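S.K.: Handing you this structure, nothing more for now.
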Amino acid sequence: MNKKIAIVGAGVGGLATAARLAKQGYSVEVFEKLGECGGRNHLLEDRGFKFDMGPSFVLMPDFFEEVFSYCGQDIKEYLNLRAIDPSYTIFYPGADALTVYKDSARTKDELEKIEAGSSKGFDGFIKETTRIYDAVRPLLYDCFTPRAILNPAYWGLLGKIRALESYWGLAKKFFKTEKFCYAFTFEAMFMGVSPFNAPAFYSIISYADHVQKIFHPMGSMYQIPMALEKMAKKFGVRFHYNAQVKKIRPKSGALILELDGREAAFDKVVVNADYAYAQSELLGKHLPAYKYSCSVYLIYLGLKQKVNGFAHHNLFFSKNLKRNLSQIFDEKAMPDDPSFYVHVPTVTDASLAPPGKEIFYILVPVANLQSNKEDISGYEEKLRGIIFDKISEKLGSRLEDLIEVEHRFYPKDFIDCYNIKYGATFGLAHNLMQSAFFRPANFDRTIKNLYFVGASTQPGGGLPVVIAGSRIVADLITGRPK
Ligand SMILES: Cc1cc2nc3c(=O)[nH]c(=O)nc-3n(C[C@H](O)[C@H](O)[C@H](O)COP(=O)(O)OP(=O)(O)OC[C@H]3O[C@@H](n4cnc5c(N)ncnc54)[C@H](O)[C@@H]3O)c2cc1C
């Protein structure tokens with residue numbers, strides 16, 4: 001057994017892999033460029049406000065439970081996951097709003113208020129996404145190669161999971177009004193891809209939202225990486241923070257990590273740093289013509305007072321979603337009527353702000369920096385003005401006047417903080433040709449003992465899926481049967 005393993009990056013994928021391998025008896029060291037764990041699941045604290053900077057939805061809680069039980073631990077000793085209710089509110093242009101509840105019967109009542117008969121469409125959509133979820137779930141613990149597609153055993157599966165249809169196309173089969181097609185496919189944007197391009201099997205996120213429900217870890221989303229770090233330390237993982245790896249190279253059967261002014265040799269290395277960045281910068285390889293996810297512009301506000309009318313999760317939809325998405329993904333232009341998301345975690349969790357105060361985290365999908373070198377500085381104030389006006393209208397007072405603390409995070413910050421190629425927030429795009437068989441595998445084909453875990457590798461991005469990826473890597477290394 002080659003026992004000495006290095007993990008490059010202490011994102012959720014790196015942390016979960018470290019804990020699993022240490023539990024299996026390997027000697028594990030984690031090297032992280034930042035001063036603390038979490039990666040994109042980061043926390044910013046200022047004047048009593050705790051801002052989760054990245055993920056805000058906990059979906060598919062069984063994937064979180066699995067990593068703790070793999071390590072012989074009880075998740076309840078580490079995380080207090082609470083199902084939130086209502087799940088979210090969608091504000092359409094004009095006065096219409098749709099609130100989705102934990103109780104689907106209430107959601108259906110809401111749908112019927114907007115369009116008579118639409119609750120039937122909801123039932124049909126959920127039945128179909130449940131079927132797709134049941135087919136996809138077991139695949140999330142496997143690593144595929146493009147050659148696997150030649151295996152006839154998978155051909156039937158492609159039809160079963162509607163691989164050649166789009167997420168949007170699936171919703172269109174069940175809902176008449178485009179309003180509802182938006183409402184049941186917006187989740188594609190959580191993976192940084194347009195619902196018009198995302199394959200229909202990503203509707204497993206809709207299944208997760210509506211059937212398994214949405215959770216919040218009390219005390220902040222940051223409790224997730226902290227819990228994984230705590231569990232990893234329990235099994236002896238050693239963490240090196242402020243330790244950026246500069247290069248990785250094979251030498252005499254070992255893998256060498258080049259760090260600032262020193263080198264360290266390991267039997268195996270797992271790279272959790274962004275896959276495209278690692279290929280080009282750490283391994284010096286040429287990158288194929290990958291497609292990248294969009295980026296996001298984030299505004300974190302600490303408000304002086306509580307406000308009414310907002311749920312824990314809130315979505316504001318553009319009048320013309322198609323045009324909005326085309327501006328982000330094709331034209332790489334400023335969205336003139338942006339869709340955006342407002343996270344108000346203080347609705348559920350008062351511990352995140354001083355008494356009587358509120359957090360508003362605003363996320364705006366924008367173009368990545370692949371061919372859009374300008375960043376958003378040229379149009380930031382205009383964009384912010386449009387968004388603040390829409391929120392102020394719902395609040396019935398000027399948002400600007402309520403702000404006590406403000407921070408912003410730009411596409412370029414994803415490069416500077418986390419080494420994410422082109423500031424593509426969600427990594428490689430989740431289109432058909434970069435999903436499943438075609439997404440980068442969890443092992444290197446040319447360098448022995450080199451592995452990859454994280455959003456841009458199989459099975460894909462998002463916390464639960466990245467955690468499933470850590471299981472794939474642990475199984476590849478330990479040779480453990482599934
Ligand atoms: C704004 C935003 C909202 C999101 N919303 C959700 C959500 O609601 N729900 C959900 O499930 N998911 C969400 N996601 C996606 C989710 O956060 C990611 O898929 C997941 O956190 C990725 O984890 P990872 O382990 O792949 O990588 P990362 O978090 O990127 O971790 C990689 C780590 O490697 C480090 N690193 C990079 N280069 C080096 C180097 N050379 N040497 C050492 N260390 C290095 C980085 O600093 C980083 O800490 C969101 C993401 C963002 C950014």
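What follows draws every value from the coordinates through simple rules; no lab data is involved. Remember, predicted model here, so these are calculated numbers, not experimental data. Cβ atoms come from the backbone with ideal geometry, glycine included; neighbour counts cover every protein chain shown.
S.K.: With each label point set 7 Å from Cα along the Cα-Cβ vector, what nm distance links L150 and K120?
M.R.: 4.8
S.K.: Report relative contact order for the stretch 105-211 in percent, whole number only (criteria: Cα-Cα under 8 Å, sequence separation at least 6).
M.R.: Computed value for the stretch 105-211: 32 percent relative contact order.
S.K.: Ok, one more. Is the stretch 105-211 rounded, prolate or oblate when judged by the Cα gyration tensor, a ≥ b ≥ c being the square roots of its eigenvalues, rounded requiring a/c under 1.5 and prolate requiring a/b larger than b/c?
M.R.: Because a/c hits 1.5 or more and a/b exceeds b/c, the stretch 105-211 counts as prolate.
S.K.: According to the Kirkwood expression over distinct Cα-Cα pairs, how big is the hydrodynamic radius of the stretch 168-244, in Å?
M.R.: Answer for the stretch 168-244: a Kirkwood hydrodynamic radius of 15.5 Å.
S.K.: Given the convex hull of the Cα atoms of the chain, what is a quarter of its surface area in nm²?
M.R.: The number I arrive at for the chain is 21.9 nm².
S.K.: Sequence-distant or interchain residues sharing an amide H contact under 5 Å with K332, placed H: which?
M.R.: Distant-sequence amide H within range of K332: zero hits.
S.K.: Once Lys and Arg get +1 and Asp and Glu get -1 on their Cβ, which of A163, G121, L111 lies farthest toward the positive end of the dipole of the stretch 105-211?
M.R.: A163
S.K.: Let me ask something else. Around A116, what is the net charge, scoring Lys/Arg as +1 and Asp/Glu as -1 over all other residues with Cβ under 13 Å from its Cβ?
M.R.: After counting each charged neighbour, the total is 0.
S.K.: Still on this structure, I have one more. How much length is gained on full extension from E112 to K291, taking 0.36 nm per residue of separation minus their Cα-Cα distance?
M.R.: Full extension of this stretch gives 60.6 nm more.
S.K.: Checking the a/c ratio against 1.5 first, then a/b against b/c, what shape does the Cα gyration tensor give for the stretch 342-459?
M.R.: prolate
S.K.: Right, something else. Starting from 0.36 nm per residue, how many nanometres of slack lie between K76 and K306 once their C-alpha separation is accounted for?
M.R.: 79.8 nm
S.K.: At a Förster distance of 41 Å, what's the computed FRET efficiency of A333 paired with Q24, Cβ-Cβ distance as r, to 0.05?
M.R.: 0.25
S.K.: Using a 10 Å cut-off around each Cβ, can you sort K113, K50 from fewest to most neighbouring Cβ atoms?
M.R.: So the ranking, lowest neighbour count to highest, is K113, K50.
S.K.: Could you calculate the contour length gain from R480 to K234, that is, 0.36 nm times the residue separation minus the distance between their Cα atoms, to one decimal place in nm?
M.R.: Result: 86.4 nm gained on full extension.
S.K.: How high is the FRET efficiency from D103 to T446, r the C-beta distance, R0 56 Å, rounded to 0.05?
M.R.: Computed FRET efficiency for D103 and T446 comes out at 0.60.
S.K.: Between K127 and K319, what is the label-point separation in nm under the 7 Å Cα-to-beta-carbon projection?
M.R.: Distance between the two pseudo-spin positions: 3.8 nm.
S.K.: For each of S456, S392, count neighbouring Cβ atoms within 10 Å of the residue's Cβ, then give the residues from fewest to most.
M.R.: Fewest-to-most Cβ neighbours within 10 Å comes out as S392, S456.
S.K.: Something else: Using Cα pairs under 8 angstrom and six or more residues apart, how large is the relative contact order of the stretch 26-106, in percent?
M.R.: 13
S.K.: So for the chain, averaging the separation of alpha carbon pairs under 8 Å that are six or more residues apart and normalising by length, what relative contact order in percent results?
M.R.: Computed value for the chain: 23 percent relative contact order.
S.K.: While we're on this one: Can you sort S104, S351 by how many other beta carbons sit within 10 Å, fewest first?
M.R.: With the fewest neighbours first, S104, S351 line up as S351, S104.
S.K.: Also, quick follow-up: Please compare each pair in K319/K421; K332/K421; K76/K213; K120/K213; K230/K304 to a cut-off of 23 Å on the Cα-Cα distance and tell me which ones are over it.
M.R.: In this structure, K319/K421; K230/K304 lie more than 23 Å apart at Cα.
S.K.: Right, another one. Please compute the modelled spin-label separation between E178 and D85, points set 7 Å along Cα→Cβ, answer in nm with one decimal.
M.R.: Placing both labels 7 Å beyond Cα along the Cβ direction yields 3.5 nm.
S.K.: Now, a different point. Return, ordered by residue number, the residues of the stretch 263-277 whose backbone nitrogen is under 14 Å from a label point located 7 Å along Cα→Cβ of K251.
M.R.: The answer is 263-267, whose backbone nitrogens lie closer than 14 Å to the label point.
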